[in-house]
1. Tell me, in nm to one decimal, what length is gained between LYS253 and GLU457 on full extension, where the rule is 0.36 nm per residue of separation less the Cα-Cα distance?
2. With +1 on each Lys and Arg Cβ and -1 on each Asp and Glu Cβ, how big is the dipole of the chain about its Cα centre, in debye rounded to the nearest 20?
3. Mind checking which aspartates and glutamates have their Cα closer than 16 Å to the Cα of LYS11? Skip sequence neighbours fewer than 8 apart in that chain.
4. If amide hydrogens are placed 1.01 Å from N in the peptide plane, which non-local residues have theirs closer than 5 Å to the one on VAL171?
5. With axes computed from alpha carbons, what is the tilt in degrees of helix 431-453 against the longest principal axis of the chain, rounded to the nearest 10 within 0 to 90?
6. Any idea what diffusion coefficient the chain gets from Stokes-Einstein, in µm²/s, Kirkwood Rh on alpha carbon pairs, 37 °C, 0.692 mPa s?
7. Which one of ASN155, LEU461, LEU446 has its Cα pushed farthest toward the positive end of the charge dipole of the chain, where Lys and Arg give +1 and Asp and Glu give -1 at the Cβ?
8. With an 8 Å Cα cut-off and a minimum separation of 6 or more residues, compute the relative contact order for the chain in percent.
Amino acid sequence: MLDCTPKEIRKRTGGMINPAKTCQPIGAMYAALGIHRCLPHSHGSQGCCSYHRMHLSRHFRDPIMASTSSFTEGASVFGGGANLKTAIKNVFAIYNPDIMAVHTTCLSETIGDDLPTFIRTSEVPEGKLVIHANTPSYQGSHVTGFSNMTKGMVNYLSEASLETKKEQANVIPGFVNPGDMREIKRIVKTMGIPFIMFPDTTGVVDTPMTGKYEMFPKGGTTVPELIDTGNSKVTLALGSYASSDAANQLDRKCQVPAVTLKTPIGIKATDEFLMALMNKFTVDVPYELEEERGQLVDIMTDTHFHFHGKKVAIFGDPDIVIAMTEFVLSLGMIPIHVLTGTPGSGGAIGTMVGNFEDEVKSMLKDAGVEGRVKAAGDLFELHQWIKNEPVDLLIGNTYGKYIARAEDIPLVRLGFPILDRSVHSYLPVVGYKGAMRLLEMISNALLERQDRDAKDEDFELVM
(Lines give C-alpha, C1' and ligand atoms only; values in the text may rest on other atoms or scores of the structure.)
Protein backbone atom coordinates (compact mmCIF):
# COMPACT_ATOMS: atom_id res chain seq x y z
CA MET A 1 0.00 0.00 0.00
CA LEU A 2 2.79 2.45 0.91
CA ASP A 3 4.44 1.83 -2.45
CA CYS A 4 1.37 3.52 -3.91
CA THR A 5 1.87 6.78 -1.97
CA PRO A 6 1.86 9.45 -4.71
CA LYS A 7 4.98 11.49 -5.29
CA GLU A 8 2.97 14.57 -6.25
CA ILE A 9 2.12 16.65 -3.18
CA ARG A 10 -1.35 18.17 -3.27
CA LYS A 11 -2.82 20.49 -0.68
CA ARG A 12 -5.21 18.65 1.62
CA THR A 13 -8.11 20.49 3.23
CA GLY A 14 -8.68 18.16 6.16
CA GLY A 15 -7.98 14.87 7.81
CA MET A 16 -4.75 13.02 8.48
CA ILE A 17 -3.28 9.91 6.91
CA ASN A 18 -1.04 7.88 9.22
CA PRO A 19 -0.82 10.39 12.11
CA ALA A 20 2.59 10.95 13.73
CA LYS A 21 1.04 11.06 17.21
CA THR A 22 -1.53 9.40 19.44
CA CYS A 23 -4.10 10.82 21.88
CA GLN A 24 -3.83 12.79 25.13
CA PRO A 25 -5.04 10.11 27.59
CA ILE A 26 -2.06 7.84 26.83
CA GLY A 27 0.35 10.59 27.88
CA ALA A 28 -1.74 11.38 30.96
CA MET A 29 -1.79 7.72 31.97
CA TYR A 30 2.00 7.47 31.57
CA ALA A 31 2.56 10.60 33.67
CA ALA A 32 0.24 9.28 36.41
CA LEU A 33 2.23 6.04 36.55
CA GLY A 34 5.15 8.22 37.63
CA ILE A 35 3.50 8.82 41.04
CA HIS A 36 4.25 6.22 43.73
CA ARG A 37 1.27 3.99 44.54
CA CYS A 38 -0.95 5.82 42.05
CA LEU A 39 -3.69 4.18 40.00
CA PRO A 40 -4.44 6.07 36.77
CA HIS A 41 -8.16 6.30 36.04
CA SER A 42 -9.70 6.77 32.59
CA HIS A 43 -12.99 8.67 32.78
CA GLY A 44 -14.65 7.23 29.70
CA SER A 45 -15.50 3.92 28.10
CA GLN A 46 -13.73 0.62 28.76
CA GLY A 47 -12.39 0.51 25.21
CA CYS A 48 -10.41 3.72 25.65
CA CYS A 49 -8.71 2.49 28.80
CA SER A 50 -7.95 -0.91 27.27
CA TYR A 51 -6.33 0.67 24.21
CA HIS A 52 -4.17 3.02 26.26
CA ARG A 53 -3.00 0.25 28.58
CA MET A 54 -2.27 -2.04 25.64
CA HIS A 55 -0.26 0.59 23.76
CA LEU A 56 1.88 1.40 26.81
CA SER A 57 2.33 -2.30 27.63
CA ARG A 58 3.55 -3.03 24.10
CA HIS A 59 6.13 -0.24 24.30
CA PHE A 60 7.46 -0.92 27.80
CA ARG A 61 6.88 -4.72 27.86
CA ASP A 62 5.57 -4.30 31.41
CA PRO A 63 1.99 -4.59 32.75
CA ILE A 64 0.19 -1.25 32.87
CA MET A 65 -2.50 -0.90 35.53
CA ALA A 66 -5.40 1.55 35.25
CA SER A 67 -9.10 1.69 36.10
CA THR A 68 -12.01 3.10 34.12
CA SER A 69 -15.42 4.71 34.64
CA SER A 70 -16.86 2.18 32.15
CA PHE A 71 -19.26 4.47 30.32
CA THR A 72 -22.31 2.87 28.73
CA GLU A 73 -25.11 4.48 26.72
CA GLY A 74 -26.64 5.87 29.93
CA ALA A 75 -23.50 7.68 31.03
CA SER A 76 -23.03 8.98 27.49
CA VAL A 77 -26.45 10.65 27.66
CA PHE A 78 -26.77 11.67 31.31
CA GLY A 79 -23.09 12.20 32.19
CA GLY A 80 -20.54 10.12 34.00
CA GLY A 81 -20.74 11.60 37.49
CA ALA A 82 -22.33 8.54 39.08
CA ASN A 83 -19.85 6.24 37.32
CA LEU A 84 -16.85 8.22 38.59
CA LYS A 85 -18.11 8.41 42.16
CA THR A 86 -18.72 4.65 42.19
CA ALA A 87 -15.32 4.03 40.63
CA ILE A 88 -13.51 6.13 43.27
CA LYS A 89 -15.28 4.27 46.07
CA ASN A 90 -14.52 0.84 44.56
CA VAL A 91 -10.91 1.56 43.61
CA PHE A 92 -9.90 2.60 47.13
CA ALA A 93 -11.85 -0.30 48.66
CA ILE A 94 -10.46 -3.00 46.36
CA TYR A 95 -6.99 -1.82 45.19
CA ASN A 96 -6.08 0.64 47.97
CA PRO A 97 -3.79 3.08 46.10
CA ASP A 98 -2.50 6.17 47.87
CA ILE A 99 -3.77 8.39 45.07
CA MET A 100 -5.96 8.23 41.98
CA ALA A 101 -5.13 10.34 38.91
CA VAL A 102 -8.21 10.83 36.75
CA HIS A 103 -7.94 11.85 33.12
CA THR A 104 -10.80 12.54 30.75
CA THR A 105 -11.47 11.16 27.26
CA CYS A 106 -13.14 12.61 24.19
CA LEU A 107 -16.53 11.21 25.29
CA SER A 108 -16.53 12.74 28.79
CA GLU A 109 -15.12 16.01 27.42
CA THR A 110 -17.84 16.23 24.76
CA ILE A 111 -20.52 15.64 27.39
CA GLY A 112 -18.91 18.34 29.53
CA ASP A 113 -18.45 16.38 32.76
CA ASP A 114 -17.48 18.64 35.69
CA LEU A 115 -14.67 16.58 37.24
CA PRO A 116 -13.70 18.99 40.06
CA THR A 117 -17.27 18.87 41.37
CA PHE A 118 -17.53 15.10 40.94
CA ILE A 119 -14.28 14.58 42.86
CA ARG A 120 -15.20 17.07 45.60
CA THR A 121 -18.51 15.26 46.23
CA SER A 122 -17.05 11.72 46.10
CA GLU A 123 -16.33 9.43 49.05
CA VAL A 124 -12.52 9.64 49.27
CA PRO A 125 -11.12 7.79 52.31
CA GLU A 126 -9.12 9.79 54.85
CA GLY A 127 -5.47 10.05 53.86
CA LYS A 128 -6.20 9.27 50.21
CA LEU A 129 -6.12 11.71 47.28
CA VAL A 130 -7.75 12.15 43.89
CA ILE A 131 -6.34 14.51 41.25
CA HIS A 132 -7.43 15.07 37.66
CA ALA A 133 -6.46 16.52 34.29
CA ASN A 134 -8.62 17.40 31.29
CA THR A 135 -7.28 15.46 28.30
CA PRO A 136 -9.64 15.57 25.29
CA SER A 137 -8.42 13.09 22.69
CA TYR A 138 -9.34 15.33 19.78
CA GLN A 139 -6.89 18.08 20.76
CA GLY A 140 -3.10 18.03 21.00
CA SER A 141 -1.34 14.66 21.32
CA HIS A 142 -0.04 12.21 23.92
CA VAL A 143 2.64 14.80 24.74
CA THR A 144 -0.13 17.31 25.56
CA GLY A 145 -1.72 14.74 27.85
CA PHE A 146 1.55 14.14 29.68
CA SER A 147 1.93 17.89 30.11
CA ASN A 148 -1.63 18.35 31.38
CA MET A 149 -1.39 15.54 33.94
CA THR A 150 1.98 16.82 35.20
CA LYS A 151 0.42 20.27 35.54
CA GLY A 152 -2.45 18.64 37.44
CA MET A 153 0.07 17.28 39.96
CA VAL A 154 1.20 20.85 40.60
CA ASN A 155 -2.35 22.22 40.81
CA TYR A 156 -3.49 19.65 43.37
CA LEU A 157 -0.38 18.84 45.38
CA SER A 158 2.50 21.35 45.29
CA GLU A 159 2.71 23.64 48.34
CA ALA A 160 5.11 26.41 49.37
CA SER A 161 5.21 25.74 53.11
CA LEU A 162 8.61 27.30 53.91
CA GLU A 163 9.66 30.96 53.98
CA THR A 164 13.06 30.12 52.47
CA LYS A 165 13.40 27.79 49.51
CA LYS A 166 15.37 24.58 49.96
CA GLU A 167 18.65 23.96 48.17
CA GLN A 168 16.99 21.43 45.92
CA ALA A 169 15.88 21.28 42.31
CA ASN A 170 12.73 20.02 40.67
CA VAL A 171 13.38 18.09 37.47
CA ILE A 172 10.53 17.45 35.03
CA PRO A 173 11.99 14.94 32.56
CA GLY A 174 9.35 15.11 29.85
CA PHE A 175 7.84 12.18 27.94
CA VAL A 176 10.91 9.92 27.94
CA ASN A 177 11.63 6.30 28.83
CA PRO A 178 12.48 5.20 32.39
CA GLY A 179 16.01 4.48 31.17
CA ASP A 180 16.33 8.16 30.30
CA MET A 181 14.92 9.21 33.67
CA ARG A 182 17.48 7.02 35.44
CA GLU A 183 20.29 8.66 33.47
CA ILE A 184 19.02 12.17 34.23
CA LYS A 185 18.82 11.29 37.93
CA ARG A 186 22.34 9.83 37.83
CA ILE A 187 23.70 13.03 36.31
CA VAL A 188 22.04 15.25 38.93
CA LYS A 189 23.18 12.95 41.76
CA THR A 190 26.72 13.00 40.38
CA MET A 191 26.57 16.81 40.50
CA GLY A 192 25.76 16.48 44.22
CA ILE A 193 22.47 18.38 44.01
CA PRO A 194 19.36 17.30 45.99
CA PHE A 195 16.37 17.04 43.65
CA ILE A 196 12.82 15.82 43.12
CA MET A 197 11.99 14.30 39.75
CA PHE A 198 8.33 14.28 38.79
CA PRO A 199 6.81 12.32 37.28
CA ASP A 200 9.27 9.44 37.69
CA THR A 201 8.40 6.13 36.03
CA THR A 202 11.63 4.37 37.03
CA GLY A 203 10.85 1.31 39.11
CA VAL A 204 7.28 1.35 37.74
CA VAL A 205 7.39 0.38 34.04
CA ASP A 206 10.87 -1.19 34.15
CA THR A 207 10.41 -3.43 37.17
CA PRO A 208 12.57 -6.53 37.74
CA MET A 209 11.28 -10.10 37.69
CA THR A 210 10.97 -11.16 41.33
CA GLY A 211 8.45 -13.98 41.09
CA LYS A 212 5.89 -11.93 43.00
CA TYR A 213 3.37 -9.56 41.42
CA GLU A 214 3.05 -6.09 42.95
CA MET A 215 0.28 -3.85 41.68
CA PHE A 216 2.11 -0.80 42.99
CA PRO A 217 5.89 -1.20 42.48
CA LYS A 218 8.53 0.62 44.51
CA GLY A 219 9.16 3.39 42.00
CA GLY A 220 7.51 6.75 41.35
CA THR A 221 7.52 10.17 42.98
CA THR A 222 5.88 10.02 46.41
CA VAL A 223 3.02 12.32 47.38
CA PRO A 224 5.14 14.07 50.09
CA GLU A 225 7.80 14.73 47.45
CA LEU A 226 5.21 16.22 45.09
CA ILE A 227 3.96 18.47 47.90
CA ASP A 228 7.56 19.52 48.63
CA THR A 229 8.17 20.63 45.02
CA GLY A 230 6.75 24.00 46.07
CA ASN A 231 9.73 24.49 48.40
CA SER A 232 12.42 23.91 45.77
CA LYS A 233 14.86 26.54 44.56
CA VAL A 234 14.29 25.99 40.84
CA THR A 235 12.42 23.78 38.38
CA LEU A 236 14.26 22.45 35.34
CA ALA A 237 11.76 21.63 32.61
CA LEU A 238 13.40 19.30 30.09
CA GLY A 239 11.49 19.79 26.86
CA SER A 240 9.22 22.76 26.35
CA TYR A 241 6.24 20.77 25.06
CA ALA A 242 6.01 18.11 27.77
CA SER A 243 7.41 19.99 30.78
CA SER A 244 7.05 23.78 30.52
CA ASP A 245 3.38 24.11 31.47
CA ALA A 246 3.87 22.35 34.81
CA ALA A 247 7.07 24.29 35.56
CA ASN A 248 5.41 27.63 34.79
CA GLN A 249 2.37 26.72 36.89
CA LEU A 250 4.68 25.85 39.80
CA ASP A 251 6.28 29.28 39.41
CA ARG A 252 2.89 30.98 39.51
CA LYS A 253 1.58 28.93 42.43
CA CYS A 254 4.67 28.55 44.63
CA GLN A 255 7.17 31.09 43.22
CA VAL A 256 9.63 28.40 42.15
CA PRO A 257 11.52 29.85 39.14
CA ALA A 258 11.28 27.78 35.97
CA VAL A 259 14.14 27.12 33.55
CA THR A 260 13.09 25.47 30.28
CA LEU A 261 15.74 23.47 28.44
CA LYS A 262 15.84 21.05 25.55
CA THR A 263 15.60 17.35 26.28
CA PRO A 264 19.31 16.60 26.96
CA ILE A 265 19.96 14.57 23.80
CA GLY A 266 23.39 15.19 22.28
CA ILE A 267 26.42 17.08 23.48
CA LYS A 268 25.10 20.65 23.26
CA ALA A 269 21.78 20.02 25.03
CA THR A 270 23.52 18.01 27.77
CA ASP A 271 26.07 20.80 28.22
CA GLU A 272 23.21 23.28 28.67
CA PHE A 273 21.59 21.02 31.28
CA LEU A 274 24.81 20.81 33.31
CA MET A 275 25.44 24.54 32.98
CA ALA A 276 21.94 25.30 34.28
CA LEU A 277 22.62 23.12 37.33
CA MET A 278 26.00 24.79 37.86
CA ASN A 279 24.58 28.30 37.63
CA LYS A 280 21.71 27.65 40.04
CA PHE A 281 23.68 25.74 42.68
CA THR A 282 27.27 26.99 42.16
CA VAL A 283 28.73 23.49 41.99
CA ASP A 284 31.51 22.17 39.78
CA VAL A 285 31.07 19.48 37.16
CA PRO A 286 32.75 16.35 38.59
CA TYR A 287 35.47 14.55 36.67
CA GLU A 288 33.18 11.56 36.05
CA LEU A 289 30.95 13.68 33.79
CA GLU A 290 33.91 15.50 32.22
CA GLU A 291 35.36 12.10 31.31
CA GLU A 292 32.08 11.00 29.70
CA ARG A 293 31.95 14.21 27.67
CA GLY A 294 35.53 13.72 26.55
CA GLN A 295 34.76 10.16 25.46
CA LEU A 296 31.77 11.41 23.45
CA VAL A 297 33.88 14.08 21.71
CA ASP A 298 36.51 11.44 20.94
CA ILE A 299 33.91 9.13 19.37
CA MET A 300 32.40 11.98 17.35
CA THR A 301 35.87 12.87 16.05
CA ASP A 302 36.87 9.29 15.26
CA THR A 303 33.67 8.50 13.37
CA HIS A 304 32.78 11.84 11.77
CA PHE A 305 33.24 10.42 8.26
CA HIS A 306 30.39 7.95 8.93
CA PHE A 307 27.92 10.82 9.33
CA HIS A 308 29.21 13.83 7.42
CA GLY A 309 26.91 14.92 4.60
CA LYS A 310 24.34 12.17 5.14
CA LYS A 311 20.77 13.32 4.58
CA VAL A 312 18.31 12.38 7.31
CA ALA A 313 14.56 12.59 7.99
CA ILE A 314 13.42 12.85 11.64
CA PHE A 315 9.88 12.52 13.02
CA GLY A 316 8.24 11.96 16.41
CA ASP A 317 7.48 13.88 19.59
CA PRO A 318 8.48 17.56 19.37
CA ASP A 319 10.90 17.65 22.33
CA ILE A 320 12.75 14.56 21.08
CA VAL A 321 12.79 15.75 17.46
CA ILE A 322 14.09 19.24 18.34
CA ALA A 323 16.96 17.85 20.42
CA MET A 324 17.73 15.13 17.88
CA THR A 325 17.85 17.67 15.05
CA GLU A 326 20.41 19.67 17.00
CA PHE A 327 22.47 16.53 17.63
CA VAL A 328 22.58 15.31 14.02
CA LEU A 329 23.61 18.81 12.90
CA SER A 330 26.55 18.60 15.32
CA LEU A 331 27.54 15.36 13.57
CA GLY A 332 27.63 17.03 10.17
CA MET A 333 24.42 15.34 9.01
CA ILE A 334 21.79 17.18 6.97
CA PRO A 335 18.24 16.95 8.37
CA ILE A 336 16.19 17.87 5.31
CA HIS A 337 12.82 16.55 6.57
CA VAL A 338 11.73 17.28 10.17
CA LEU A 339 8.16 16.59 11.30
CA THR A 340 6.04 16.14 14.42
CA GLY A 341 2.40 15.17 14.72
CA THR A 342 1.94 17.33 17.81
CA PRO A 343 0.45 20.77 17.06
CA GLY A 344 2.82 23.72 17.37
CA SER A 345 2.05 27.00 19.10
CA GLY A 346 -0.60 29.39 17.90
CA GLY A 347 -3.23 29.39 20.61
CA ALA A 348 -5.17 26.26 19.64
CA ILE A 349 -6.68 24.24 22.46
CA GLY A 350 -4.35 21.45 23.48
CA THR A 351 -1.11 23.13 22.42
CA MET A 352 1.67 23.95 24.82
CA VAL A 353 4.60 26.31 25.29
CA GLY A 354 6.95 26.31 22.33
CA ASN A 355 7.02 26.83 18.59
CA PHE A 356 8.31 23.72 16.88
CA GLU A 357 8.62 25.06 13.36
CA ASP A 358 10.37 28.30 14.31
CA GLU A 359 12.82 26.52 16.61
CA VAL A 360 13.84 23.87 14.08
CA LYS A 361 14.00 26.33 11.18
CA SER A 362 16.29 28.55 13.23
CA MET A 363 18.65 25.60 13.82
CA LEU A 364 18.68 24.71 10.13
CA LYS A 365 19.28 28.32 9.11
CA ASP A 366 22.22 28.67 11.50
CA ALA A 367 23.72 25.48 10.03
CA GLY A 368 23.13 26.60 6.44
CA VAL A 369 20.70 23.74 5.79
CA GLU A 370 17.52 23.99 3.72
CA GLY A 371 14.83 21.58 4.79
CA ARG A 372 11.13 20.99 5.22
CA VAL A 373 9.77 21.44 8.76
CA LYS A 374 6.20 20.88 9.93
CA ALA A 375 4.19 20.59 13.15
CA ALA A 376 0.83 18.77 13.15
CA GLY A 377 2.02 16.76 10.17
CA ASP A 378 1.46 13.11 9.29
CA LEU A 379 3.51 10.23 7.94
CA PHE A 380 1.78 10.28 4.54
CA GLU A 381 3.21 13.74 3.95
CA LEU A 382 6.62 12.74 5.29
CA HIS A 383 6.64 9.82 2.86
CA GLN A 384 5.85 12.20 0.00
CA TRP A 385 8.71 14.48 1.04
CA ILE A 386 11.10 11.52 1.00
CA LYS A 387 9.86 10.40 -2.43
CA ASN A 388 10.64 13.88 -3.79
CA GLU A 389 13.97 14.26 -1.96
CA PRO A 390 15.41 10.91 -0.78
CA VAL A 391 17.39 10.55 2.44
CA ASP A 392 20.14 8.22 3.67
CA LEU A 393 18.52 7.60 7.05
CA LEU A 394 15.13 7.79 8.76
CA ILE A 395 14.93 8.40 12.54
CA GLY A 396 11.64 7.89 14.37
CA ASN A 397 9.33 5.40 16.06
CA THR A 398 8.09 2.02 14.87
CA TYR A 399 5.56 3.51 12.47
CA GLY A 400 8.43 4.68 10.28
CA LYS A 401 9.23 1.07 9.31
CA TYR A 402 6.62 1.14 6.54
CA ILE A 403 8.23 4.16 4.90
CA ALA A 404 11.68 2.63 5.44
CA ARG A 405 10.55 -0.58 3.72
CA ALA A 406 8.82 1.18 0.85
CA GLU A 407 11.79 3.48 0.11
CA ASP A 408 14.56 1.04 1.17
CA ILE A 409 15.98 3.39 3.82
CA PRO A 410 17.74 2.39 7.08
CA LEU A 411 15.60 3.16 10.14
CA VAL A 412 16.91 4.11 13.59
CA ARG A 413 14.12 3.60 16.11
CA LEU A 414 13.75 6.47 18.57
CA GLY A 415 10.90 7.84 20.67
CA PHE A 416 7.40 6.55 21.40
CA PRO A 417 6.07 4.05 20.55
CA ILE A 418 8.54 1.32 19.67
CA LEU A 419 6.44 -1.82 19.32
CA ASP A 420 8.61 -4.14 17.23
CA ARG A 421 11.83 -4.11 19.27
CA SER A 422 12.58 -4.52 22.98
CA VAL A 423 15.06 -3.34 25.67
CA HIS A 424 14.97 0.26 24.33
CA SER A 425 13.05 1.59 27.35
CA TYR A 426 15.82 0.42 29.72
CA LEU A 427 18.67 2.15 27.87
CA PRO A 428 19.10 5.96 27.76
CA VAL A 429 19.44 8.26 24.78
CA VAL A 430 19.92 11.32 27.03
CA GLY A 431 23.16 12.65 28.50
CA TYR A 432 26.64 11.90 27.24
CA LYS A 433 26.15 8.15 27.69
CA GLY A 434 22.91 8.30 25.72
CA ALA A 435 24.60 10.26 22.94
CA MET A 436 27.22 7.52 22.67
CA ARG A 437 24.44 4.97 22.28
CA LEU A 438 22.77 7.06 19.58
CA LEU A 439 26.08 7.36 17.74
CA GLU A 440 26.40 3.59 17.75
CA MET A 441 22.81 3.11 16.54
CA ILE A 442 23.16 5.62 13.70
CA SER A 443 26.62 4.45 12.69
CA ASN A 444 25.59 0.78 12.67
CA ALA A 445 22.52 1.51 10.53
CA LEU A 446 24.58 3.42 7.94
CA LEU A 447 27.47 0.95 7.88
CA GLU A 448 25.19 -2.08 7.65
CA ARG A 449 23.57 -0.49 4.61
CA GLN A 450 27.00 0.21 3.13
CA ASP A 451 27.97 -3.45 3.65
CA ARG A 452 24.71 -4.68 2.16
CA ASP A 453 25.09 -2.60 -1.00
CA ALA A 454 28.84 -3.07 -1.50
CA LYS A 455 30.16 -5.02 -4.48
CA ASP A 456 32.50 -7.90 -3.68
CA GLU A 457 35.56 -5.84 -4.52
CA ASP A 458 34.37 -2.99 -2.25
CA PHE A 459 33.35 -5.15 0.74
CA GLU A 460 35.65 -3.76 3.45
CA LEU A 461 36.85 -5.36 6.68
CA VAL A 462 37.85 -2.06 8.31
CA MET A 463 35.34 0.77 8.09
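The values are calculated or read from the model by the stated rules, or taken from the named source; none is laboratory data. Here the structure is a predicted model, which is why all the values come from computation and not from measurement. Every residue, glycine as well, gets a Cβ built from its backbone with ideal geometry; the counts of neighbours run over all protein chains shown. To get the accessible areas, we keep the full protein, side chains included, count just its heavy atoms, and leave off ligands, DNA and RNA. Shrake-Rupley method; radii C 1.70, N 1.55, O 1.52, S 1.80 Å.
1. Net length gain for the segment: 66.7 nm.
2. So the dipole magnitude of the chain works out to roughly 1100 debye.
3. ASP378, GLU381
4. Placed amide hydrogens put ILE196, MET197, PHE198, LEU236 under 5 Å from VAL171.
5. On a 0 to 90 degree scale, this one is about 50.
6. Diffusion coefficient, whole number: 143 µm²/s.
7. Of the listed residues, the answer is ASN155.
8. Details: 946 pairs, mean separation 81.9, N = 463.
Relative CO of the chain lands at 18 percent.
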